[in-house]
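Q: This is the structure I want to talk about, given as structure tokens.
The values are calculated or read from the model by the stated rules, or taken from the named source; none is laboratory data. Note that the coordinates shown come from a computational prediction; the quantities given were computed from them, not determined experimentally. Cβ atoms come from the backbone with ideal geometry, glycine included; neighbour counts cover every protein chain shown. Note: areas computed on protein heavy atoms with side chains; ligands, DNA, RNA excluded. Shrake-Rupley method; radii C 1.70, N 1.55, O 1.52, S 1.80 Å.
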Amino acid sequence: MLRGELAGLRARQDSDVPVLQAALYDDVATRMRADSRPWRPVPLGSAASPYAVSEPADDVALFSVVHLASGDLAGEALLWGIDMHNRAAHVGLSLLPSFRGHGLGTDAVRVLCYYGFAVRGLHRLQAETLTGNAAMIAAATRVGFVPEGTLRGSAWVDGDFADETILGLLLAEWAGSRSSHEGSRAADE
């Protein structure tokens, strides 16, 4: 497990799937804002579930987020679109409603950065989120991500087009700020 101050990132387990499916996927309004793909009904246990346990892949790293103090499943985190030629990837995070607003998201992003930069040897991490997703934008900027631009009208969400904010973090920026962030001391166990 990779550990931060509040959040742990571990491999997805079969017992995580029903919780993530019910709390994150089946909440259609939230899911439409969290994923660029259209929502469609997916039965629990289907291989099409975004939370299905699968074999590791070179272009994606899927994690379950655990609240370290309680040991409870708190959400999902991932690096996706991992491109080892350009040494870049995208970060994604979705927390269960009861774990939002307590600093767990910032810590989970910090641990994802540790994984991407220190473990995978990446040079750049990028986050894309709807401009109205203040929580993700705040979490990413607290970790050191820099707003790089806005993609106007780029996301189809709930019957309308919405803008997305692009944030980026380079290895040199992360390494330079790492000592000032206690939570970035994530270590493998």
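Q: Answer yes if at least one residue in the range 134-142 is on the phi > 0 side of the Ramachandran plot, surrounded by 18 or more Cβ atoms within 10 Å (Cβ to Cβ) and within 17 Å of the chain's Cα centre (by Cα), and no otherwise. So that I can check it myself, show each step before the final result.
A: Filtering the range 134-142 down to residues on the phi > 0 side of the Ramachandran plot leaves none.
So far as the range 134-142 goes, no, none of its residues is on the phi > 0 side of the Ramachandran plot, surrounded by 18 or more Cβ atoms within 10 Å (Cβ to Cβ) and within 17 Å of the chain's Cα centre (by Cα).
Q: Test Arg152 against the stated conditions and say whether it is of a type in the set (Lys, Arg), in contact with a strand residue (DSSP E or B) (Cβ under 7 Å, 6 or more places away or on another chain) and modelled with pLDDT of 95 or more. Spell out the reasoning first.
A: Numbers: of a type in the set (Lys, Arg): yes; in contact with a strand residue (DSSP E or B) (Cβ under 7 Å, 6 or more places away or on another chain): yes; modelled with pLDDT of 95 or more: yes.
Here the answer is yes, as Arg152 does meet what is asked.
Q: Looking at (1) at pLDDT below 90; (2) under 24 Å from Asp107 (Cβ atoms), can you tell me which one Ser15 breaks?
A: Only one criterion in (1) at pLDDT below 90; (2) under 24 Å from Asp107 (Cβ atoms) is unmet by Ser15, namely (1).
Q: May I pose another question? Being among the polar types (S, T, N, Q) and either closer than 26 Å to Arg40 by Cα or part of a strand (DSSP E or B) (or both) is the filter here, so list the residues in the range 134-160 that pass it.
A: Let us first name the residues in the range 134-160 that are among the polar types (S, T, N, Q), namely 141, 150, 154.
Residues satisfying the conditions are Thr150, Ser154.
Q: Taking the stated definitions as given, is Glu5 touching a helix residue (DSSP H, G or I) at 6+ places or on another chain (Cβ under 7 Å), open to solvent by 50 Å² or more (accessible area, probe 1.4 Å) and either under 18 Å from Ile82 (Cα atoms) or of a type in the set (Asp, Glu) (or both)?
A: Yes.
Q: Any residue in the range 146-158 that's in contact (Cβ under 8 Å) with a residue 40 or more places away in the chain: show its pairings with residues that are part of a strand (DSSP E or B) and open to solvent by less than 80 Å² (accessible area, probe 1.4 Å) at Cβ separation under 7 Å, as long as the two are six or more apart or on different chains.
A: Ala155/Leu130; Ala155/Ala162; Ala155/Glu164; Val157/Leu130
Q: Pick from Ser64, Ser98, Ser54: which is among the hydroxyl-bearing types (Ser, Thr, Tyr), loosely packed, with under 13 Cβ neighbours inside 10 Å and modelled with pLDDT of 90 or more? Lay out the reasoning, then the answer.
A: Working: Ser64 fails: loosely packed, with under 13 Cβ neighbours inside 10 Å; Ser54 fails: modelled with pLDDT of 90 or more.
Testing whether each residue is among the hydroxyl-bearing types (Ser, Thr, Tyr), loosely packed, with under 13 Cβ neighbours inside 10 Å and modelled with pLDDT of 90 or more leaves just Ser98.
Q: Please count how many residues of the range 31-51 are open to solvent by less than 80 Å² (accessible area, probe 1.4 Å) and over 24 Å from Gly71 (Cβ atoms).
A: Of the residues in that region, 8 qualify.
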